[in-house]
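**Student:** Just dropping this structure here.
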Amino acid sequence: MPTVFVGGCLCEAVRYISSAEPITTVHCCCADCRKIGGTGHATHTVVPDTAFKLSGKVTKFSRTADSGNQIHRYFCSKCGSAIYHTREGLEGLLVIRTSSMDDPEIAEPKMVIFTSSAVSWDHMDRELPAYEKMSNVRPGDVRDTD
Ligand SMILES: [Zn+2]
Ligand SMILES: [Zn+2]
């Protein structure tokens with residue numbers, strides 16, 4: 001399979017390859033993304049899980065989201081960099097932390113979610129569709145390629 005983009009953690013113990021183009025990229029302002037990110041939001045790039053190949057050791061942290069679905073987040077076991085997550089309700093998809101991509105410029109953010117939890121000083125792109133909660137997002141919004 002062709003390599004479309006690559007990424008990994010800060011210490012380089014974890015590396016990954018995606019053999020598919022991103023399906024979408026989303027800014028999420030929820031409190032969980034704020035806690036685990038470095039600022040008021042986290043940016044996530046969605047790919048088919050079959051396109052993702054990872055090497056190195058990751059640690060899993062699972063937590064129930066507002067929706068009641070489990071989210072499983074994976075971090076480098078050595079340096080703690082966030083790499084990706086999977087979640088119930090998004091079977092077949094894998095959500096890469098955009099900040100872990102070697103070339104994050106290839107990601108094109110398409111929407112902002114959980115604006116109800118946004119921090120006042122974390123200004124997002126006003127041109128993007130914005131949703132107060134994840135539950136307001138129709139499945140087609142997430143799966144659309146453009
Ligand atoms: Zn690392
Ligand atoms: Zn979030």
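**Student:** Mind counting the residues in the range 2-19 that are in a loop (DSSP other than H, G, I, E, B) and either within 16 Å of ligand 1 (Cβ to nearest atom) or on the phi > 0 side of the Ramachandran plot (or both)?
**Tutor:** Total satisfying the criteria: 6.
**Student:** Ok, one more. Residues to consider are 79, 29; find the one that is under 18 Å from residue 132 (Cα atoms) and not basic (Lys, Arg).
**Tutor:** 29
**Student:** Select from the range 31-41 the residues that are part of a loop (DSSP other than H, G, I, E, B) and either surrounded by 22 or more Cβ atoms within 10 Å (Cβ to Cβ) or of a type in the set (Gly, Ala, Ser) (or both) and list them in ascending order.
**Tutor:** If the condition is that a residue be part of a loop (DSSP other than H, G, I, E, B) and either surrounded by 22 or more Cβ atoms within 10 Å (Cβ to Cβ) or of a type in the set (Gly, Ala, Ser) (or both), then 37, 38, 40, 41 are the ones that fit.
**Student:** Can you tell me which of 27, 44 is part of a strand (DSSP E or B) and out of contact with any His (no Cβ under 7 Å at 6 or more places or on another chain)?
**Tutor:** 44
**Student:** Go through the range 77-93 and give me each residue that's surrounded by 14 or more Cβ atoms within 10 Å (Cβ to Cβ), modelled with pLDDT of 95 or more and away from ligand 1 (no atom under 16 Å from the Cβ).
**Tutor:** Of everything in the range 77-93, those that are surrounded by 14 or more Cβ atoms within 10 Å (Cβ to Cβ), modelled with pLDDT of 95 or more and away from ligand 1 (no atom under 16 Å from the Cβ) turn out to be 85, 86, 93.
**Student:** Restricting attention to the range 20-36, which residues are in contact (Cβ under 8 Å) with a residue 12 or more places away in the chain and either more than 17 Å from residue 105 (Cα to Cα) or within 12 Å of ligand 1 (Cβ to nearest atom) (or both)?
**Tutor:** 28, 29, 30, 31, 32, 33, 34, 36
**Student:** Would you be able to say whether some residue in the range 43-59 is modelled with pLDDT under 95, polar (S, T, N, Q) and either closer than 23 Å to residue 105 by Cα or exposed (fewer than 13 other Cβ atoms within 10 Å of the Cβ) (or both)?
**Tutor:** no
**Student:** Are there any pairs with C-beta distances below 8 angstrom linking a residue in the range 117-133 that is assigned to a loop (DSSP other than H, G, I, E, B) to a residue that is of a type in the set (Gly, Ala, Ser), with the two at least 6 apart or on different chains, and if so which?
**Tutor:** 118/40; 119/40; 121/40; 122/40; 124/118; 124/130; 132/116; 133/116
The values are calculated or read from the model by the stated rules, or taken from the named source; none is laboratory data. Keep in mind that this is a model prediction, so the values were computed, not measured. When we count neighbours, we look across all protein chains shown, and the Cβ atoms used for this are built from the backbone with ideal geometry, even at glycine.
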